[in-house]
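The values are calculated or read from the model by the stated rules, or taken from the named source; none is laboratory data. Just so we're clear, the structure is a prediction, and the values are computed from it rather than from any experiment. So basically every Cβ, Gly included, is an ideal-geometry build from the backbone, and we count neighbours across all protein chains shown. These accessible areas exclude ligands, DNA and RNA; they are computed on the full protein's heavy atoms, side chains included. Shrake-Rupley method; radii C 1.70, N 1.55, O 1.52, S 1.80 Å.
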2 protein chains.
Amino acid sequence: MAKTRPRARARRQPLNRERVLQAALRLADREGVASLSMRGLAQTLGVEAMSLYKHVANKDEVLDGLIDLVVAEIDVPPLGTEWRHAMRVRAMSARQVCLRHRWAALLMESRLSQSPARLQYADAVLGLLRCSGFTVPLAYRAFVIIDSYLYGYIMQELHWPREEAEMSQVEQDVTAQLSTADYPYLMEAMTHVMATRTERRVAGVYDADFATGLELILDALARLRDADAPPSPMPTISATSATH
Amino acid sequence: MAKTRPRARARRQPLNRERVLQAALRLADREGVASLSMRGLAQTLGVEAMSLYKHVANKDEVLDGLIDLVVAEIDVPPLGTEWRHAMRVRAMSARQVCLRHRWAALLMESRLSQSPARLQYADAVLGLLRCSGFTVPLAYRAFVIIDSYLYGYIMQELHWPREEAEMSQVEQDVTAQLSTADYPYLMEAMTHVMATRTERRVAGVYDADFATGLELILDALARLRDADAPPSPMPTISATSATH
DNA sequence: TAGATTGGCTTACATCGTAAGCCTGCAATG
DNA sequence: CATTGCAGGCTTACGATGTAAGCCAATCTA
């Protein structure tokens with residue numbers, strides 16, 4: 001009587017690591033990575049929790065797998081692309097990916113997981129800088145600085161209000177609950193943010209602010225690069241000509 | 001017979017929120033925030049888990065309390081201090097605090113918790129910029145950019161090897177397990193990092209790299225500030241004279 | 001002295017990751 | 001074709017964990 005339809009279950013295509021991770025990705029996007037449990041994950045696959053362990057060693061492996069999936073979504077231009085353009089593209093892409101999967105940034109920061117996908121990502125970014133005239137030490141430094149800003153900005157951004165509803169909620173808090181006397185400078189800043197919130201989202205949320213900061217850093221790095229190794233008369237050509 | 005010594009327990013000074021949070025801080029420093037459980041925390045206080053709930057609403061409140069304790073440790077110069085100096089001081093201080101409590105940065109990024117301590121911290125930083133000639137929009141932008149870099153850098157740094165033992169472990173991985181063919185640029189960068197690791201730690205770990213990046217950003221912001229509101233002939237004086 | 005309050009404690013429950021081992025149908029082998 | 005191995009599910013069970021509910025003794029207050 002327990003075996004009502006012994007076939008029905010067996011008929012579905014067998015699970016595999018790939019399908020498990022894809023399901024985890026969907027579930028994380030829907031409910032957040034914090035409420036991603038092995039039992040819940042199994043349920044979305046029509047399976048019992050312990051069945052997952054035939055395809056993944058443990059939950060940590062699922063999380064690391066998620067990181068890999070997300071890193072793979074980041075668009076890194078091919079080796080030889082002019083560095084400023086390349087850094088812009090990959091930074092913007094990383095940001096979009098992290099906003100699409102709102103749990104991703106925190107997960108990447110909280111886990112070590114030097115998987116092939118992540119190593120290759122780092123290698124590609126470093127390669128772009130190296131092929132654009134950066135020395136090894138400077139390429140390393142630039143990488144660290146850009147990534148600090150990139151992921152630091154994203155982490156902040158994830159806490160900001162997005163929907164109009166949240167925004168007006170914040171606005172209420174600003175004008176009512178937070179007393180102006182206690183936090184005068186914070187108040188004026190919040191007021192400014194609220195007042196300009198419309199024009200500050202261009203083709204996405206908070207794009208403009210992110211881009212300005214990034215350009216600031218790229219400018220600074222360009223100066224460093226030029227000081228470090230005097231460029232040929234036409235820097236952009238010498239940069240892109242490395243592989244073309 | 002259960003009441004062997006009804007007095008002994010009652011004699012110790014009663015718990016309070018303060019002592020609970022201090023114990024949580026110590027425990028987190030010792031074992032990491034991930035393995036901070038209400039039961040474990042209670043144990044270090046010689047008390048049962050549920051007793052904590054007389055002084056704290058729930059675990060989230062403990063975590064938010066930890067954030068407050070940590071934020072309070074950050075050294076923010078008084079209003080009116082010249083902005084570059086002030087930003088340097090508070091960035092360095094925040095970094096030291098986050099390295100001292102290695103769980104703090106992640107906790108701050110993962111929780112929202114707009115507690116008075118945090119709001120006041122933000123207010124103080126914004127105030128410093130405002131008093132040094134930054135307009136409201138620019139002060140806000142500068143705040144976001146500096147903090148992005150600051151906490152982004154720290155989050156990266158927390159994953160880097162610190163002890164000499166870890167370092168030589170990484171060195172082994174670099175020269176052996178990671179194949180040079182697969183990640184050429186990553187390899188050369190790691191080799192450089194390993195080779196220069198001695199001179200790169202000055203009075204602390206990785207101080208030099210952090211400072212260079214910060215100066216880069218402060219330079220860029222200085223340029224922005226001067227372009228935004230043309231300074232008087234002697235910018236530093238006009239900056240500090242605002243409140244003195 | 002009576003009553004209320006404070007601050008501990010016990011018990012209980014849902015949820016989590018996962019160890020151990022069972023069962024069944026398909027596939028390869030004799 | 002029969003046997004057997006095993007891939008890939010399932011069941012059960014254990015020890016965390018956060019915390020709701022309620023108990024009880026010591027202390028403070030009227």
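Worth a mention:
- For the stretch A:10-126, alpha-carbon Rg and Dmax in angstrom: 16.0, 54
- Residue B:155 sits among other residues whose Cβ lies under 9 Å from its own Cβ, and their net charge, with Lys and Arg +1 and Asp and Glu -1, is -3.
- For the stretch B:147-171, a drop of 20 Å² or more in accessible area on going from the chain alone to the assembled protein chains (1.4 Å probe) is found at B:148, B:149, B:152, B:153, B:155, B:156, B:159, B:160.
- Surrounding net charge for residue B:27, when Lys and Arg each add one and Asp and Glu each subtract one, Cβ distance under 13 Å: +3
- The B-A contact accounts for roughly 4400 square angstrom of buried accessible surface, both chains included, probe 1.4 angstrom.
- Summing Lys and Arg as +1 and Asp and Glu as -1 over all other residues whose Cβ lies under 14 Å from the Cβ of residue B:81 gives a net charge of +2.
- Carbon + sulfur, % of accessible area of the stretch B:13-56 - ligands and nucleic acids excluded, 1.4 Å: 49 percent
- Coil-residue GluC sites (Glu not before Pro) of the stretch B:113-209, DSSP, other Cβ within 10 Å capped at 16: B:163
- The distance separating the Cα centre of the stretch A:112-154 from that of the stretch A:11-56 comes to 32 Å.
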